[in-house]
Amino acid sequence: MVTPKKHLGQHFLTDLNIAKKIASTLKGDSYKKILEIGPGMGVMTQFLLERKDKDVYVNEIDKESIEYLKKNFPALKNKIIEGDFLKLDLEKEFPGKEIAVTGNFPYNISTQIVFKVLENKDKIPEFSGMFQKEVSERIAAKHGNKTYGILSVLAQNYYDVEYLFSVSEKVFNPPPKVKSGVIRLTRKEKQPDIEYDFFKKVVKTAFNQRRKTLRNSLKSYNLSDNLKQDSIFAKRPEQLSPEDFLDLAKKIKHDIR
Ligand code: SAH
């Protein structure tokens with residue numbers, strides 16, 4: 001058994017049915033490889049390994065968990081990537097290949113995991129797994145909603161986002177303070193026609209001052225008076241749909257050329 005370590009966000013699933021249910025959320029057939037982040041003692045991994053159509057890799061930072069996996073899962077031989085997911089070079093690990101990413105994720109780095117997936121969207125056709133409920137809801141939130149923000153806009157532009165089900169804190173050891181939520185992101189066939197970093201910057205700048213109109217929050221872009229006439233600039237960021245944001249970013253890009 002692995003001793004749960006708080007600084008690594010370790011909350012081990014104790015309910016096999018839930019582990020199985022999360023492991024079955026990846027449904028795509030365009031890819032062959034699956035990467036599970038933070039397998040811990042492999043409670044989800046055992047079900048992922050049952051899939052004969054997929055090649056399962058795991059990425060784990062905790063030495064004790066890695067030892068446990070090596071001992072108990074011979075099928076993972078040469079498929080354990082040791083280290084911090086946030087520092088992984090996915091192209092180097094899986095050159096020229098697409099990979100689906102899944103897991104019961106370490107909650108202390110939830111949003112960073114989602115941003116890393118977005119940065120690697122060209123390699124990741126599908127992404128599913130469990131976060132604290134609030135983060136899963138934020139990723140799936142519709143505009144006009146309180147939790148709608150940067151993650152919602154970016155995730156929903158590149159992926160179709162589904163909130164699948166909620167999970168009680170009682171099925172973990174130790175139990176986390178909050179409920180959890182499982183989501184699935186399926187990459188859209190038609191990807192936004194814009195440079196990701198530029199788009200992210202526009203969305204971030206707008207949401208940095210959530211209460212202000214876009215006319216105010218986007219001042220630093222020195223937009224033309226002509227563009228600022230557009231009625232969209234009288235709105236606040238949470239009033240814009242993900243598609244509205246994409247349109248806006250394209251107009252800004254064009255304006256500041
Ligand atoms: N999937 C297991 C463990 C979930 S707890 C289960 O459901 O029981 C989160 C796991 O993520 C732990 O195993 C922890 O060691 C691992 N982890 C934490 N930070 C990580 C990081 N930066 N990169 C990779 N794995 C990490």
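The values are calculated or read from the model by the stated rules, or taken from the named source; none is laboratory data. Predicted model only: the values in this text are computed from it and were never measured. A quick note on method: Cβ atoms are made from the backbone with ideal geometry, for glycine too, and the neighbour counts reach across all protein chains shown.
Data overview
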| read-out | value |
| --- | --- |
| Sole exception among (1) of a type outside the set (K, R); (2) near the ligand (Cβ under 10 Å from one of its atoms); (3) touching a residue at least 24 places away in the same chain (Cβ under 8 Å); (4) more than 20 Å from N173 (Cβ to Cβ) for E91, by number | (2) |
| Breaking point among (1) more than 10 Å from the chain's Cα centre (by Cα); (2) at pLDDT 95 or above, for Y107 | (2) |
| Candidate set: the stretch 13-33, residues that are touching a residue at least 60 places away in the same chain (Cβ under 8 Å) and hydroxyl-bearing (S, T, Y); chosen: the one surrounded by the fewest Cβ atoms within 10 Å (Cβ to Cβ) | S30 |
| Lone qualifier among E98, E36 - being surrounded by fewer than 21 Cβ atoms within 10 Å (Cβ to Cβ) and in contact (Cβ under 8 Å) with a residue 24 or more places away in the chain | E98 |
| Failed item, numbered, when G129 is tested on (1) touching a Gly at 6+ places or on another chain (Cβ under 7 Å); (2) near the ligand (Cβ under 8 Å from one of its atoms) | (2) |
